[in-house]
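Only one structure is covered here, and it is reproduced in the block below.
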Amino acid sequence: MGASDYRLTRVVVLGATGFIGRWVARALVTRGADLYLVVRDPSAAAPVFARFGVSGTIVEAQLENPDAVTSLFRRLRPSVTFNLAGYGVDPAERGQPDEGTAYRINADLVQAVGEALSAGRDPTWRGQDLVHVGSALEYGEIGGDLAEDSPPNPTTLYGKSKLAGTRVLTHCCASYGLRGLTARLFTVYGPGEHAGRLLPSLLECGQHGTALPLTTGTQQRDFGYVQDVAEGLLRLGLTISEPGEIVNLATGRLSTVRQFVETAAGIIGIPSDRLLFGALPGRPEEMAHREVNVRRLLGLTGWVPTTRIADGVRKTLDFERATERAAT
């Protein structure tokens with residue numbers, strides 16, 4: 001993918017202040033996109049964008065309102081939209097989830113965006129009209145290598161509502177002639193993660209010298225560095241795929257949580273006796289599967305994420321230290 005493939009292209013990012021959304025926006029800035037950052041609260045978004053080097057036109061919108069979404073897209077008329085809006089990733093949202101909000105954001109929004117895009121597509125744009133971000137939790141309780149055509153069996157509200165969004169996108173593509181795909185993400189880490197997730201908890205442990213309660217750590221995950229994930233989404237935005245296609249955006253490599261923790265702890269400087277493996281119970285939604293199938297990603301883009309865990313943790317530390325210095 002060339003550095004100028006999005007140059008002067010009108011791009012909308014929904015969920016632009018989120019963990020992954022800000023990295024997608026940052027990558028689009030470097031490629032010279034005509035960028036529109038859709039946020040709920042512009043005053044809260046401004047410091048996030050400043051910290052992550054994101055510039056563009058900030059647009060306030062309430063995405064739970066279909067009429068507001070229609071009005072937004074009628075006004076902006078983007079060539080391509082990246083939908084990173086989601087409900088249920090933040091640990092605070094998982095604690096007492098609101099089912100209505102989950103379906104409004106994770107599924108109904110996709111319908112509203114699809115309908116709005118169908119009314120005003122850019123005839124000069126040759127890539128995807130809509131890149132929608134899905135979740136590995138859509139697969140749920142299945143094994144194997146998680147090929148995209150595997151029958152899903154989600155067990156969580158987040159997985160069920162995200163699967164509903166994926167199916168809505170497929171319907172929109174078939175009904176309206178949209179070019180769109182769902183990129184299913186796995187365990188993404190890096191700068192900007194929500195507090196309470198694994199790497200931020202390790203960084204806090206290293207900073208304050210506290211002990212960190214953990215599960216046994218035997219569960220295996222496909223860990224993707226956030227900058228690689230953003231790169232993958234931009235690459236997918238330039239592809240021609242089957243309408244409504246699903247693509248696993250993953251490394252194709254599994255590591256145990258314990259391997260991730262011990263690798264990160266060594267880099268951060270956390271003594272092993274502060275890592276309390278087995279102090280917490282495992283989560284019921286943990287998935288058990290073989291390496292994630294990434295053949296479709298490779299076929300569409302000629303690329304798969306390459307950043308190893310140790311390098312991703314080092315990049316995260318470097319970023320955090322650099323932005324701390326810039327703020328003082």
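The values are calculated or read from the model by the stated rules, or taken from the named source; none is laboratory data. Here the structure is a predicted model, which means the values were calculated and not measured. Glycine also receives a Cβ, built like all others from the backbone with ideal geometry; neighbour counts cover every protein chain displayed. These area figures cover heavy atoms from the full protein model, side chains too; ligands, DNA and RNA do not enter into them. Shrake-Rupley method; radii C 1.70, N 1.55, O 1.52, S 1.80 Å.
Taking first residues from segment 313-328 that are closer than 18 Å to Tyr225 by Cα and partners that are in a helix (DSSP H, G or I) and among the β-branched types (Val, Ile, Thr), the Cβ contacts under 9 Å between residues at least 6 apart in sequence or on separate chains come to Val313/Thr263; Val313/Ile267; Val313/Ile268; Arg314/Ile267; Thr316/Val226; Leu317/Ile267; Leu317/Ile268. Picking from residues in segment 175-190 that are hydrophobic (A, V, I, L, M, F, W, C) and under 15 Å from Val131 (Cα atoms), the one that is nearest to the chain's Cα centre (by Cα) is Leu185. Filtered by the rule that a residue be out of contact with any helix residue (DSSP H, G or I) (no Cβ under 8 Å at 6 or more places or on another chain) and buried (at least 20 other Cβ atoms within 10 Å of the Cβ), segment 33-44 gives a lone residue, Ala33.
Condition check ((1) among the polar types (S, T, N, Q); (2) open to solvent by 20 Å² or more (accessible area, probe 1.4 Å)) across all residues:
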site	(1), (2)
Glu138	no, no
Tyr158	no, yes
Cys172	no, no
Gly190	no, no
Ala195	no, yes
Cys205	no, no
Arg221	no, yes
Leu233	no, no
Thr239	yes, no
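Of everything in segment 139-148 that is in contact with a strand residue (DSSP E or B) (Cβ under 8 Å, 6 or more places away or on another chain) and of a type in the set (Asp, Glu), the residue that is modelled with the highest pLDDT is Glu148.
Looking at segment 93-138 only, could you name the residues that are under 13 Å from Leu14 (Cβ atoms) and modelled with pLDDT under 90? Result: no residue meets the conditions.
Entry remark, segment 243-264: residues being on the phi > 0 side of the Ramachandran plot and in contact with a Pro (Cβ under 7 Å, 6 or more places away or on another chain) number 0 in total.
Here Arg22, Arg7 are screened, and the one residue that is surrounded by fewer than 18 Cβ atoms within 10 Å (Cβ to Cβ) and either free of Cβ contacts under 8 Å to residues at least 40 places away in the same chain or within 20 Å of the chain's Cα centre (by Cα) (or both) is Arg7. Considering only segment 273-314, state which residues are assigned to a helix (DSSP H, G or I), within 30 Å of Gly209 (Cα to Cα) and open to solvent by less than 90 Å² (accessible area, probe 1.4 Å). Those that are assigned to a helix (DSSP H, G or I), within 30 Å of Gly209 (Cα to Cα) and open to solvent by less than 90 Å² (accessible area, probe 1.4 Å): Arg274, Ile309, Ala310, Asp311, Gly312, Val313. Does segment 206-214 contain at least one residue that is assigned to a helix (DSSP H, G or I) and without any contact (Cβ under 8 Å) to a residue 60 or more places away in the chain? Yes, segment 206-214 contains a residue that is assigned to a helix (DSSP H, G or I) and without any contact (Cβ under 8 Å) to a residue 60 or more places away in the chain. Among the numbered conditions (1) at pLDDT 95 or above; (2) of a type in the set (D, E, K, R); (3) in a loop (DSSP other than H, G, I, E, B), the only one that Asp5 does not meet is (1).
As a summary of the residue check, Pro151 satisfies the conditions (1) touching a residue at least 24 places away in the same chain (Cβ under 8 Å); (2) exposed (fewer than 13 other Cβ atoms within 10 Å of the Cβ); (3) closer than 24 Å to Asn293 by Cβ except for the one numbered (1). The condition of being outside any loop (DSSP other than H, G, I, E, B) and open to solvent by less than 10 Å² (accessible area, probe 1.4 Å) holds for Ala183. Among the residues of segment 45-71, those that are open to solvent by 40 Å² or more (accessible area, probe 1.4 Å), closer than 20 Å to Gln227 by Cα and not aliphatic (A, V, I, L, M) comprise Pro47, Arg51, Gly53, Ser55, Gly56. Is it the case, given these coordinates, that Val133 is among the hydrophobic types (A, V, I, L, M, F, W, C), farther than 21 Å from His194 by Cβ and surrounded by 24 or more Cβ atoms within 10 Å (Cβ to Cβ)? When the stated conditions are applied, Val133 does not pass them. Evaluate segment 282-303: report whether one residue or more is farther than 25 Å from Pro154 by Cα, in contact with a strand residue (DSSP E or B) (Cβ under 7 Å, 6 or more places away or on another chain) and of a type in the set (S, T, N, Q). No: segment 282-303 contains no residue that is farther than 25 Å from Pro154 by Cα, in contact with a strand residue (DSSP E or B) (Cβ under 7 Å, 6 or more places away or on another chain) and of a type in the set (S, T, N, Q). For segment 244-272, the set of residues classified as in a loop (DSSP other than H, G, I, E, B), open to solvent by less than 30 Å² (accessible area, probe 1.4 Å) and out of contact with any strand residue (DSSP E or B) (no Cβ under 7 Å at 6 or more places or on another chain) consists of Gly252, Ile270, listed by residue number.
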